[in-house]
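The block underneath contains the structure these notes are about, expressed in structure tokens.
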Amino acid sequence: MSKELIVVLLAAPLVGFLINGLFGKWLKGNEKLSGGIGAFAVLVSLVCSIIVFLRLNGGAAPLEAKLYDWIIGDFGDDSFAFNIGFHVDALTAVMLLVITGVGFLIHVYSIGYMHGDEGYTRYFAYLNLFVFAMLILVLGNNYLMMFVGWEGVGLCSYLLIGFWYDKQSATDAGKKAFIVNRIGDFGFLLGMFTLFAAFNTLDFTAIFDEAKAGTFEQIFGANTLVIATLLLFVGAIGKSAQIPLYVWLPDAMEGPTPVSALIHAATMVTAGVYMIARSAVLYEIAHTGQVVAWIGVLTAFFAATIALTQNDIKRILAYSTVSQLGYMFVGVGVGAYASGIFHLVTHAFFKGLMFLTAGSVMHAMANELDMRKMGGLRSKMPITHATFLVGALAIAGAPFLSGFWSKDEILHSAWGSSPLIYGIGLVTAFLTAFYMFRLIFVTFYGESRVEPEVASHLHESPPVMWVPLAILAIPSALIGLLLGWGGHDSWFHHFTKSVFPEAHHDASGNVLLFMGISLVIGLAGIAFAWRRYSKRAPADEPTTGIHRLLANKYYIDEVYNALIVQPIKNGSHFLLWKLVDNGIIDGIVNGVAAIVRFVGGLLRRFQTGVVQAYIVSMVLGIVIFLAYYLFFS
């Protein structure tokens, strides 16, 4: 494996961004060329990622390479250097395949989905820039380079959520995502500062080696690593939409649907899970994994209950994403790092698939999102229905599909760490199967509730859209079986074994029993959804107090608005506008202007336009000058 290969892998989407970004004015009239450039750039990265994976799987040593020193400094006797470099191991290879594999298919899908949009070229420029930033995040060999990618994907998320900037709801959602993520990023920065103060470096290898040896400086005594890992976790909470910073992700559905599939299901939101998995050594030493696991399982359950009553198909998938991210945090939190990353991989495929099928439904339904206005779409959109069904079965834990293997591993590991976490996770699995098949039955089955005008134009999506769906359906169904056969002794665990510390959770017990329980729970959720919604639309649901509470998302947004947003807004209105802006800043500017105006007014009185007066002034000035020279010099 060579540095040149990694450079090409990283540079390809950057080149695509530059071409579409700089020459978008001339490419605007040629959608095929613009979309083709964007897709080809990611295809190049995908090919390079496959080569990296094959070489590592073939026994090649991980790559630790430095390109050049970025920042060099001295503090007395101490010196430091931050470099631009790569750290490529099994975990990196897995993330590269997910980012470029799912990313390439979404780029191809977008060629058809975004057809006719005025911002077509700008869209592909943003999408390529996102892939570039995400690759920096996972390829970097230090926390600073990871943070650069971390902020890069945050910027691209903001640009793509608010892509249709003429819509107020889209711009509001973009700002909400940006601000909430900055809160988490503040924690990430403090975590990095703590690590740098303790280790005098941010390089992964150096930090992990010193942490295991115990030779780092105890900035906060024995709690140094506890504080550092918890602060890093705050960043993960923001980026991966966990309690209490999850509120931005459902609103992010205002962006184009392929964006939801790539950024808010398959890649960016998993950055927090990747960061904790990469920092596994620190979390093991600090023993802060239980905090991660509890936040994860509570988020998983909380988001699943909200998804039960939503009627917007993209918002259901958004809350499902928040819930599934919670499962991933449970995995890495209980020490089953390989299982957590395994679920990240399977989720990327089946959730990306479901978001794209939701986009296919929107494409046919004139951008309608309310499933109460759908029904009976199975006959009109057979490919979309079949692929969506595969994704729903996978996330519900249907036997031998991808989610069945990865979710079962996490639950099995959770039992060995905390039976209560296992119990909450099991209940969440039932809710997941229920709300996903509520979506399936209401949207694709039963009587049609489609408006007549829309019904007359119902059609299956074009091949450029349904072919990526069909391709994504294959790994959604089979990748769990291919990678996860053998449970904790599977090929995937062996491939990533060298990256993670020894598991401290108890994964013993009757594996078949745990699989059987998960299977029964998932099938029960599907059966309950079929009984309740196969012939009844959500409009027929009873509006009880609990139903209203869930439908209004526990009123969390309203609570945040009342307790946080409005007080800050009102305080800013008084302090920053009236006091600082109007009183101080405008006062200084206007005061300077008033002084200049006053002085100018005095001087103006001497400019009379009378020549004799000017001569008298000159003579008087000469007399004063001579007097000073004669008597005072």
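The values are calculated or read from the model by the stated rules, or taken from the named source; none is laboratory data. Predicted, not measured: the structure shown is a model, and the values here were computed from it. We place every Cβ from the backbone using ideal geometry, glycine too, and count neighbours over all the protein chains shown. Only protein heavy atoms, including side chains, enter the accessible area calculation; ligands, DNA and RNA are left aside. Shrake-Rupley method; radii C 1.70, N 1.55, O 1.52, S 1.80 Å.
Figures for the structure shown
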item: Yes/no for residue 531 being loosely packed, with under 12 Cβ neighbours inside 10 Å, under 32 Å from the mean Cα position of the chain (by Cα) and modelled with pLDDT of 75 or more; result: no
item: Test: residue 84 is assigned to a helix (DSSP H, G or I) and either in contact (Cβ under 8 Å) with a residue 12 or more places away in the chain or within 27 Å of the chain's Cα centre (by Cα) (or both); result: no
item: Filter result (open to solvent by 10 Å² or more (accessible area, probe 1.4 Å) and either outside any helix (DSSP H, G or I) or more than 24 Å from residue 359 (Cβ to Cβ) (or both)) within region 306-337; result: 308, 309, 310, 311, 312
item: Residue list for region 599-617, filter: surrounded by 10 or more Cβ atoms within 10 Å (Cβ to Cβ) and of a type outside the set (S, T, N, Q); result: 599, 613, 614, 615, 616
item: Failed item in (1) over 24 Å from residue 318 (Cα atoms); (2) touching a helix residue (DSSP H, G or I) at 6+ places or on another chain (Cβ under 8 Å), with residue 394 passing the rest; result: (1)
item: Residues being at pLDDT below 90 and either part of a helix (DSSP H, G or I) or under 25 Å from residue 52 (Cα atoms) (or both) - total across region 100-116; result: 2
item: Hits in region 489-512 - residues which are in a helix (DSSP H, G or I) and either open to solvent by 60 Å² or more (accessible area, probe 1.4 Å) or at pLDDT below 75 (or both); result: 489, 491, 494, 511, 512
item: Pair list, Cβ < 9 Å and 6+ apart or interchain, from region 205-220 residues that are more than 14 Å from residue 191 (Cβ to Cβ) to residues that are acidic (Asp, Glu) and part of a helix (DSSP H, G or I); result: 215/209; 216/210
item: Whichever residue in region 435-482 is among the polar types (S, T, N, Q) and open to solvent by 10 Å² or more (accessible area, probe 1.4 Å) and, among such residues, is farthest from residue 411 (Cα to Cα); result: 456
item: Lone qualifier among 432, 384 - being farther than 16 Å from residue 301 by Cα, β-branched (Val, Ile, Thr) and crowded, with 20+ Cβ neighbours inside 10 Å; result: 384
item: Residue count for region 153-178, restricted to those that are in a helix (DSSP H, G or I) and over 17 Å from residue 273 (Cα atoms); result: 18
item: Matching option when the condition is in a helix (DSSP H, G or I), of a type in the set (Val, Ile, Thr) and in contact with a Ser or Thr (Cβ under 6 Å, 6 or more places away or on another chain), among 357, 428; result: 357
item: Criterion: at pLDDT 95 or above and within 16 Å of the chain's Cα centre (by Cα) - qualifying residue of 302, 349, 355, 329; result: 329
item: In region 221-230, the residues that are open to solvent by 40 Å² or more (accessible area, probe 1.4 Å) and either without any contact (Cβ under 8 Å) to a residue 60 or more places away in the chain or not in a helix (DSSP H, G or I) (or both); result: 222, 223, 227
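For (1) over 28 Å from residue 22 (Cβ atoms); (2) free of Cβ contacts under 8 Å to residues at least 24 places away in the same chain; (3) among the hydroxyl-bearing types (Ser, Thr, Tyr), each residue gets a yes or a no:
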site	(1), (2), (3)
127	no, no, no
131	no, no, no
134	no, no, no
137	no, no, no
148	no, yes, no
152	no, yes, no
176	yes, no, no
181	no, no, no
186	yes, no, no
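Residues are listed down the side, and each one gets a yes or a no for (1) loosely packed, with under 15 Cβ neighbours inside 10 Å; (2) in contact with a strand residue (DSSP E or B) (Cβ under 9 Å, 6 or more places away or on another chain); (3) among the basic types (Lys, Arg):
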site	(1), (2), (3)
21	no, no, no
25	yes, no, yes
39	no, no, no
48	no, no, no
56	no, yes, no
62	no, yes, no
68	yes, yes, no
91	no, no, no
